[in-house]
Amino acid sequence: MGALNSKKRARLKRKKRIRKNLAGTQQRPRLSVFRSSKHTYAQVIDDGHGHTLAAASSLEKIVKEQPEFESKITVANFVGKLLGERAIKRGIKKIVFDRNGFLYHGRVKAVSDGAREAGLEF
């Protein structure tokens, strides 16, 4: 793994352990969440074909055009709703949630809550 700091190394170990037992299929694709220090990214992936079916991030123009969000958590919730709407347009209702080694609280939880509000089933 090279010169990774210990926090990132621990997250990647958790990610590896989780992904051993978690895969997205055509019927139930995987919703993967990534958060950096500034932004939140989410995508719905069909692992069988290796295709991204829907994606959303806090860098998109539609997110930046919204009135000021009070925190990164509210931005993450909006990203989840946006992704949920896009997935439902593509005919995806049920997904498998992949927290990508991050703890399930804060922005990661906000993305999943937003996706649930949009109508996705976990």
Legend entry - Residue that is over 22 Å from F102 (Cα atoms) and over 12 Å from the mean Cα position of the chain (by Cα), where the choices are V63, V75: V63
Legend entry - Number of positions in the stretch 107-122 that are in a loop (DSSP other than H, G, I, E, B) and touching a helix residue (DSSP H, G or I) at 6+ places or on another chain (Cβ under 6 Å): 2
Inset, instruction - Would you tally the residues in the stretch 94-105 being in a loop (DSSP other than H, G, I, E, B) and either at negative phi or touching a strand residue (DSSP E or B) at 6+ places or on another chain (Cβ under 8 Å) (or both)? - result: 7
Legend entry - Every pair of residues 6+ apart whose Cβ atoms lie under 6 Å, when the first sits in the stretch 94-106 and is of a type in the set (G, A, S) while the second is surrounded by 12 or more Cβ atoms within 10 Å (Cβ to Cβ): G101/R11; G101/R14; G101/K15
Legend entry - Exclusive hit being without any contact (Cβ under 8 Å) to a residue 60 or more places away in the chain and surrounded by fewer than 13 Cβ atoms within 10 Å (Cβ to Cβ), set K72, K38, K13, K81: K38
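Every read-out reported here was derived from the displayed coordinates using simple, explicitly stated rules and does not represent laboratory data. Remember, it's a predicted structure, so these values are computed and weren't measured experimentally. Virtual Cβ from ideal backbone geometry, glycine too; neighbours counted across all protein chains shown.
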